1. Please compute one quarter of the surface area of the Cα convex hull for region 245-294 and express it in square nanometres.
2. Kirkwood hydrodynamic radius for region 45-84: how many Å is it when counted over pairs of different Cα atoms?
3. So, R0 is 35 Å and r is the distance between the beta-carbons of R284 and D36; what FRET efficiency does that work out to, to 0.05?
4. For K195, list the lysines whose Cα falls under 19 Å from its own Cα; do not include residues on the same chain fewer than 8 positions away.
5. Given 4 °C and 1.567 mPa s, how large is the Stokes-Einstein diffusion coefficient of region 1-141 in µm²/s, with Rh as the Kirkwood radius over Cα pairs?
6. If you plug each phi of region 82-98 into the Karplus form 6.51 cos²θ - 1.76 cosθ + 1.60 with θ = phi - 60°, what whole-Hz ³J(HN,Hα) values come out, in order, with x for Gly and Pro?
7. Scattering from the C-alpha atoms of region 168-302 alone, worked out with Debye: what is log10 I(q)/I(0) at q = 0.09, 0.10, 0.17, 0.20 1/Å?
8. Under the rule of at least 5 residues apart or a separate chain, name every residue whose amide H is placed under 5 Å from the amide H of V141.
Amino acid sequence: MRWAVPEAEFMDPGTLGCQGCGGALSMRMVLKEVGDDAVAVLPACCWSIIDGPWPVHALNIPVLHTAFETAAVVATGIKAAKQVQGKDTTVLAWAGDGGTFDIGLQALSGAAERNEDILFVCYDNEAYMNTGIQRSSATPVGTWTTTTPNERPEPRPKKDIMGIMAAHRIPYAATATAAYPDDLARKVQTAVETKGGMRFLHLLSACPPGWKMPADQAIEAMRRAVNSTIFPLYEVRDGRDTNITQWPNPVIPVEEYFELQGRFKPLLADEQMLDYVRTDVADRWHDLVGRHERSRTVAAGR
Ligand SMILES: Cc1ncc(C[n+]2csc(CCOP(=O)(O)OP(=O)(O)O)c2C)c(N)n1
Ligand SMILES: [Mg+2]
């Protein structure tokens with residue numbers, strides 16, 4: 001089933017995002033489903049800039065800029081205040097991969113463990129882009145960044161944030177990307193409707209300057225991430241029930257994703273590392289498909 005993307009806009013044009021910014025597009029798409037009865041909490045990240053300098057700002061909802069490590073806990077506090085006021089406002093913590101996988105993880109884990117009634121969205125551009133493309137624990141193995149230059153590219157695999165969030169047994173966690181807007185819209189709607197607990201969305205968000213590629217390739221890159229199974233689109237309910245929502249057909253070779261982006265130059269030049277990545281991607285996809293099938297079997301047996 002295709003999911004219609006609403007025409008309503010809650011983000012003004014003329015943001016300070018770079019051309020082809022996947023993070024800006026992600027916000028636009030998410031707000032279409034969240035609507036304007038919402039508050040956004042932005043820790044330090046590109047979005048601190050993209051929204052614009054006070055007194056102008058691009059979002060048509062209230063925004064609270066906060067410290068890098070605090071998105072989840074500040075959102076928790078705002079939600080508590082709204083509840084005291086008897087309001088059902090959606091509180092959106094909107095963080096980059098640094099503010100989610102790294103420095104924001106403790107506050108995020110605490111909020112998830114307490115099952116706070118917030119919607120935490122990570123727009124993942126796979127590095128600290130706002131401060132000049134430094135690696136984060138979301139940076140894939142073999143990648144160039146300014147702190148992992150071509151001579152010694154990122155040596156560690158990307159952290160499995162979905163696995164970490166699922167392990168907290170939160171009601172809803174999903175991956176999505178603006179390259180599949182109907183899938184993204186449906187997941188945001190599901191997240192908004194899953195009230196009373198923590199919702200987590202992991203959005204792969206292309207960054208043309210940081211990924212070293214032309215701006216007009218942003219959507220294609222995100223599409224290839226999905227179709228190579230490097231970034232599968234799926235959702236996990238209560239940390240267990242796993243559902244793949246977009247099946248690559250056909251599955252494309254990982255090189256087709258890597259070749260679009262200059263940041264993967266060291267990976268493409270290292271056959272041994274590339275071999276490791278191919279095997280790792282296939283293994284993780286196999287594991288995910290297994291969890292998907294097991295969840296269907298469990299559901300059928302209920
Ligand atoms: C405690 C603290 N350390 C470092 C910084 C500097 N800083 C601001 S934004 C940022 C990078 C954010 O990366 P990410 O969360 O991935 O968002 P992106 O910029 O990629 O959108 C850093 C290191 C800060 N603001 N606070
Ligand atoms: Mg980032």
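Bear in mind these aren't lab numbers, they're just calculated from the coordinates by the rules spelled out. Model, not experiment: these values are computed from the prediction. Reconstructed Cβ throughout: ideal geometry from the backbone, glycine too, with neighbour counts over all protein chains shown.
1. Details: hull surface 16.1 nm².
Orientation-averaged projected area of the Cα hull: 4.0 nm².
2. Mean inverse Cα-Cα distance, inverted, gives 11.4 Å.
3. Values: r = 38 Å, r/R0 = 1.08.
The calculated FRET efficiency here is 0.40.
4. K32, K79, K82, K87, K187
5. Estimated via Stokes-Einstein, D reaches 84 µm²/s.
6. 5, 5, 4, 7, x, 9, 9, 4, 6, 9, 10, 8, 10, 10, x, 5, x
7. Values returned for q = 0.09, 0.10, 0.17, 0.20 Å⁻¹ are -0.31, -0.38, -0.98, -1.21.
8. K158
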